[in-house]
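What follows is one structure encoded as structure tokens, with my remarks underneath.
Derivation of every value follows stated rules applied to the coordinates shown; laboratory data play no part. The model shown is predicted, which means the values in this text are computed figures rather than measured ones. Heads up, the Cβs are rebuilt from the backbone with ideal geometry, glycines too, and the neighbour counts pull from every protein chain shown.
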């Protein structure tokens, strides 16, 4: 098993590839992973906003700008 120091020594590409492999492995065993109860509440609240026409959606460019601190 890898430890944190070994992971830090990996290149960014190697770490991303490892994450992809881990995600693929977890995805194949989705029945073993359950969402927390509050996820259903959050999704229902978001769906209610969409249904009421109150939801606000961002384009990918708007999201990237917001994440970079360019728009609050």
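The selection criterion, being surrounded by fewer than 10 Cβ atoms within 10 Å (Cβ to Cβ), in a helix (DSSP H, G or I) and more than 19 Å from the chain's Cα centre (by Cα), does not hold for residue 54. In the condition set (1) under 18 Å from the mean Cα position of the chain (by Cα); (2) surrounded by 10 or more Cβ atoms within 10 Å (Cβ to Cβ), residue 47 is compliant with all but (1).
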